[in-house]
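Below is one structure, written out as structure tokens; the observations come after it.
The values are calculated or read from the model by the stated rules, or taken from the named source; none is laboratory data. Just so we're clear, the structure is a prediction, and the values are computed from it rather than from any experiment. So basically every Cβ, Gly included, is an ideal-geometry build from the backbone, and we count neighbours across all protein chains shown.
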Amino acid sequence: MDIFKVHGGTPLHGEVRVSGAKNATTKLLVASLLSDKKSVFHNVPDIGDVQVTVELCREIGAEIQWDKAAGIIEIQTKELKSSYIPQRFSGSNRIPILMIGALLGRTQEEIIVPTSGGCLIGMRPVDFHIESLRLLGATIEYRNMKQEGAYFAHAHSGLQGAIITLVFPSVGATENTILAAVRAKGTTVIKNAAIEPEIIDVILYLQKLGVNIALDVDRTIRIQGTQNFFDVEHHIISDRMEAASFAMAAVGTKGRVFIKGADHLHMITFLNKIREIGAGFSIKNNGIEFYYEGPLQGGLHIETDVHPGFSTDWQQSFLALLTQAQGSSVVHETVYENRFGYTMMLKEMGADIELFKQCLGGRQCRYAGKNFYHSVIVKGPTPLYGKAISIPDLRAGFAYILAGLMSQEEMIISGVHFVKRGYENLLGKLQNLGGQIEQVAISLKDNDTNQTNKRQQSVAGI
């Protein structure tokens, strides 16, 4: 297995190019399955989640050429060879569930999809997906298969456009509903839809593909069903999560980093918080420069939310950053109920963090009174001490790396496959900025972080 060794105390300086967005690339590959036309995607990141999605698409008949050096994928699914997603994809990421929406209008066969995976940060219920697809005319049921479950879906009578109001603007449910609506007869209206930049990128792609699709100002998406499609060439947006990660690494290590490709429009809320904490940024034509301006100031109140709010994927590293800010700050997680398990290890490193079940924010969220630890108070600055640590999920993984870069001691980090799911060449990029981080291969018998891993799993649900 591979581990990272991180030596903190060195400011990051230089330039880094942000890669294509993970959460757009994977969804665009699935969206290409709607037609038999060729799609060419540029700015494709070479990361674990894209690799899994490519394999998944090939499994059902997609022909794919991937030039990893150029960041280009050509994909065409002339015909489906299967509508069964094997169980080996269960737990790999959250993409398999989107196959239902993409395939319902393209096959009369029963679609079999394993249960969703990804990071263990909450229940990620798919009831929003299923209810919306049923309103479009799909029949969906859950069945036990072997040791795991799967969803069985079909639309033998065809899909019909409908007016759908989501209870919560779920990203996955919005994407699944859009995909199914493309081949449904008539018009589909999705109210209270998610409008993340990655969803907008999929909408732009679908319009190129031949879909009449529109976004209204009140979170309403309208899709006119079609069966006529075109070849598409599409440049994928940059990854705003990766851009924010390097921004926080620059500030946290008291450095200065220009992030080429960082998009101002997609980071407005994040930039406001960077300014509130007392750090600096400068908007350029081709990116954003982030820098440390002096002692960081706490006293922040952060509530995660759907876009254009403060992204839940920015929360972990920003909380790590707040451990180095003067004063007390509040972070209220409203998107996932189980996203603070990683804080226990930060506390062991020396962070002053206290968890609460109450909504510590300007409003109550859907987890109010449900016994979830979904708010924290973090006090700083506190020195962080190196430890042997195991990554529990993708975004917590970067938070741990950031903590290591801000520490004055060596940190040993295992579970690095989680960060490789979403960060392209993370090790090389940090090293090019001066980060003291290296990858080391060790045998399992030499892994002294097993107990740490078990301890983290036991507190993951706090």
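Brief remarks on what is shown
- Pairs with Cβ under 8 Å, 6+ apart, first in segment 298-312 and under 17 Å from Ala325 (Cβ atoms) and in contact (Cβ under 8 Å) with a residue 40 or more places away in the chain, second among the β-branched types (Val, Ile, Thr) and in a loop (DSSP other than H, G, I, E, B): Gly298/Ile277
- Condition met for Leu34 (buried (at least 24 other Cβ atoms within 10 Å of the Cβ), assigned by TED's automatic domain parsing to the domain that holds Pro197 and out of contact with any strand residue (DSSP E or B) (no Cβ under 9 Å at 6 or more places or on another chain)): yes
- Asp67 being under 19 Å from the mean Cα position of the chain (by Cα), surrounded by fewer than 24 Cβ atoms within 10 Å (Cβ to Cβ) and at pLDDT 95 or above: no
- Residue count, segment 289-324 (criterion: outside any helix (DSSP H, G or I), among the acidic types (Asp, Glu) and buried (at least 20 other Cβ atoms within 10 Å of the Cβ)): 1
Okay, residues lined up against (1) out of contact with any helix residue (DSSP H, G or I) (no Cβ under 6 Å at 6 or more places or on another chain); (2) under 21 Å from Tyr400 (Cα atoms):
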| site | (1), (2) |
| --- | --- |
| Trp314 | no, yes |
| Leu321 | no, yes |
| Ala325 | yes, yes |
| Ser329 | no, yes |
| Ala351 | yes, yes |
| Asn371 | yes, no |
| Lys379 | yes, yes |
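- For segment 243-278, the candidate set comprises residues that are closer than 18 Å to Leu296 by Cβ and β-branched (Val, Ile, Thr); within that set, the residue that is surrounded by the most Cβ atoms within 10 Å (Cβ to Cβ) is Val251.
- Test: Gly361 is surrounded by fewer than 22 Cβ atoms within 10 Å (Cβ to Cβ), more than 26 Å from Ile277 (Cα to Cα) and not aromatic (Phe, Trp, Tyr): no
- Taken across segment 272-287, residues that are in a strand (DSSP E or B) and closer than 20 Å to Gly20 by Cβ do occur, with at least one present.
- Residue in segment 95-111 that is in contact with a helix residue (DSSP H, G or I) (Cβ under 6 Å, 6 or more places away or on another chain), crowded, with 17+ Cβ neighbours inside 10 Å, in the same structural domain as Ala138 (by TED's automatic domain parsing) and in a strand (DSSP E or B) present: yes
- Leu12 vs. criteria under 20 Å from His234 (Cβ atoms) and not hydroxyl-bearing (Ser, Thr, Tyr): no
- Of all residues assigned to segment 369-384, at least one qualifies as being charged (D, E, K, R) and more than 20 Å from the chain's Cα centre (by Cα).
- When we screen Ala243, Ala262 for residues that are outside the structural domain of Ser32 (by TED's automatic domain parsing) and assigned to a helix (DSSP H, G or I), the only hit is Ala243.
- None of Arg183, Arg240 is of a type in the set (Lys, Arg), under 21 Å from Arg106 (Cβ atoms) and crowded, with 19+ Cβ neighbours inside 10 Å except Arg183.
- Failed condition for Tyr385, given (1) within 24 Å of Val419 (Cβ to Cβ); (2) out of contact with any strand residue (DSSP E or B) (no Cβ under 7 Å at 6 or more places or on another chain); (3) in contact (Cβ under 8 Å) with a residue 40 or more places away in the chain: (3)
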